[in-house]
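The values are calculated or read from the model by the stated rules, or taken from the named source; none is laboratory data. Quick caveat, the model's predicted, so the values are computed rather than measured. Here the Cβ is made from the backbone with ideal geometry for all residues, glycine too, and neighbour counts use every protein chain on show. Calculation scope for accessible area: heavy atoms of the full protein, side chains included, ligands and nucleic acids excluded. Shrake-Rupley method; radii C 1.70, N 1.55, O 1.52, S 1.80 Å.
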Amino acid sequence: AQSRRRDEESFYRQGRAMSMADEVILRIYEAKSRDVGRSIVRIPIRVMKKLGVEPGDYVEIVGRKTAYAQVWPAYPEDEDKDIIRMDGMIRQNAGVGIGDTVKVRRVSLKPAQRVVLAPTEPVRVDPEYLKKQILLGKPVTRGQAIDVPFYGGSIRFVVVQVQPGPAAYVSVDTDVAVREEPVKETELAIPRVTWEDIGDLEEAKQKIRELVELPLRHPELFKHLGIEPPKGILLYGPPGVGKTLLAKAVANEANAYFIAINGPEIMSKYYGESEAKLREIFEEAKKNAPAIIFIDEIDAIAPKREEVTGEVEKRVVAQLLTLMDGLQERGQIVVIGATNRPDAVDPALRRPGRFDREIQIPMPDKRARREILQVHTRNMPLCTSDDVKLGLCAKGDEVDLDRIAEMTHGYTGADIAALAKEAAMSALRKAVAKGLVDLDQETIPPEVLNKLKVGMSDFMEAMKF
Ligand code: ADP
């Protein structure tokens, strides 16, 4: 295998001078059975050359989620097709299915220092066995599922921590730990929001990175400088402007564990157990640090105490304060609270050492709306003037994002996201009405997909909602 690999390697180097691409788009086919469970994908050799990857290199596979795999050459019969073969596990990890397309990119992964796995059902497995028999050489990323053969069946594990994140490969020196406690639902819903998914809000992004990402990633810097990173920050602004999005993005980028709770839910759903629930959440964060606890609508948990009527509410506020005070300095846990009424929050929570930093998230202005539109139409085939010339779009149907930004005064980011979705649905409805798209067909052929465009009239239509 070694010499075969060397042959293949030299073979690839010759091709390196060809036109290179940072990413390619390939259609997904299923893996041949001999490749199942090996964390590999197969792509045509000419595509490997284009990407500048060699057999055994790691690639990033971007679908609805991002997965990682080692790349191997396609089977000869696939060589002239633009396809990628991968098994169900990788498809699940990338959030895609057979027939979908994915973006494939070259990545250079570092060896992992530490990897923590959790089973989906209570079980005890020797971490050394997992490491040597299953994981060695494989790329891992947080949230990834891995099936491990076990007494003739298999048990699913989820990677709950990778250092350094977001992805690395398992080497002989990697410290692999297996948690006994099964994985929780919150750990499966790992936010995949990145800074690019947030339009505008540059100031807020920069502040949150400095206040949250930096201390979580480099606690040694703060220790060295003798300063305390904040334990809590408060995001305030109207609903739908991106507060949750920011918290998820910072968790993702800092490779931190993310727990989201919601003030009203804590108070009602867990009524009578609210304090216990809070303690449980802080405990979970501690176990999985570095971690971010996101409390949406925090004013419901911790309203100004003069507004609080019941004893229960008072005790819940006191409990939250105690938990915040109990967080160790540089404890690698940050609590992010969100509210649209900062002055409704108990002032005791806003004292030093608690939520002592605030970031305001404003309503988007025209320029910001333009950027948010850009984010939400990034993967949409919008009518361009070329499409009009080619007859793919009607005259005057070119999409003018500036004009839409101008017309959407008073829209929040959430409103803009909904507008973009509705415009796409309008385009689809029209295509069905015209008989261009037949929804009863098993798969829609690519030549039909190429004709399906979202036009300015679709946005106008969507604005009526
Ligand atoms: P909040 O927490 O402030 O109520 P969210 O962060 O939950 O709002 O935003 C809801 C949805 O609105 C997001 O999932 C996203 O689709 C969209 N959205 C809001 N703000 C932005 C933004 N600045 N950029 C891109 N999308 C946004």
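Some points to look at:
- Selection status of GLU442, away from the ligand (no atom under 16 Å from the Cβ) and in contact with a helix residue (DSSP H, G or I) (Cβ under 8 Å, 6 or more places away or on another chain): no
- Test: residue in segment 43-53 that is closer than 15 Å to ILE98 by Cα, at pLDDT 95 or above and out of contact with any helix residue (DSSP H, G or I) (no Cβ under 7 Å at 6 or more places or on another chain): yes
Here is a yes/no grid of residues against (1) crowded, with 17+ Cβ neighbours inside 10 Å; (2) within 30 Å of LEU211 (Cα to Cα); (3) touching a residue at least 12 places away in the same chain (Cβ under 8 Å):
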position	(1), (2), (3)
CYS383	yes, no, yes
ALA417	yes, yes, yes
ALA424	yes, no, yes
ILE444	no, no, no
GLY455	yes, no, yes
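- Any hit, segment 190-199, residues being modelled with pLDDT of 90 or more, in contact with an Asp or Glu (Cβ under 8 Å, 6 or more places away or on another chain) and part of a loop (DSSP other than H, G, I, E, B): yes
- Looking only at residues in segment 291-306 that are at pLDDT 80 or above, under 18 Å from SER268 (Cβ atoms) and of a type outside the set (D, E, K, R), the one that is surrounded by the fewest Cβ atoms within 10 Å (Cβ to Cβ) is ALA300.
- Test: residue in segment 325-337 that is modelled with pLDDT of 90 or more, closer than 30 Å to PHE465 by Cβ and in contact with a helix residue (DSSP H, G or I) (Cβ under 8 Å, 6 or more places away or on another chain): no
- Check on ARG369, over 30 Å from LYS287 (Cα atoms), open to solvent by 30 Å² or more (accessible area, probe 1.4 Å) and within 14 Å of the ligand (Cβ to nearest atom): no
- Of the set (1) under 30 Å from LEU452 (Cβ atoms); (2) more than 16 Å from the ligand (Cβ to nearest atom); (3) open to solvent by less than 60 Å² (accessible area, probe 1.4 Å), all apply to GLU398 but (3).
- Helices (runs of 4 or more DSSP H) (entirely within segment 365-465) containing at least 2 residues that are under 23 Å from ALA204 (Cβ atoms): 366-377, 401-407, 413-433
- Residues that are out of contact with any His (no Cβ under 6 Å at 6 or more places or on another chain) and within 13 Å of the ligand (Cβ to nearest atom) number at least 3 in the following helices (runs of 4 or more DSSP H) confined to segment 209-313: 243-253.
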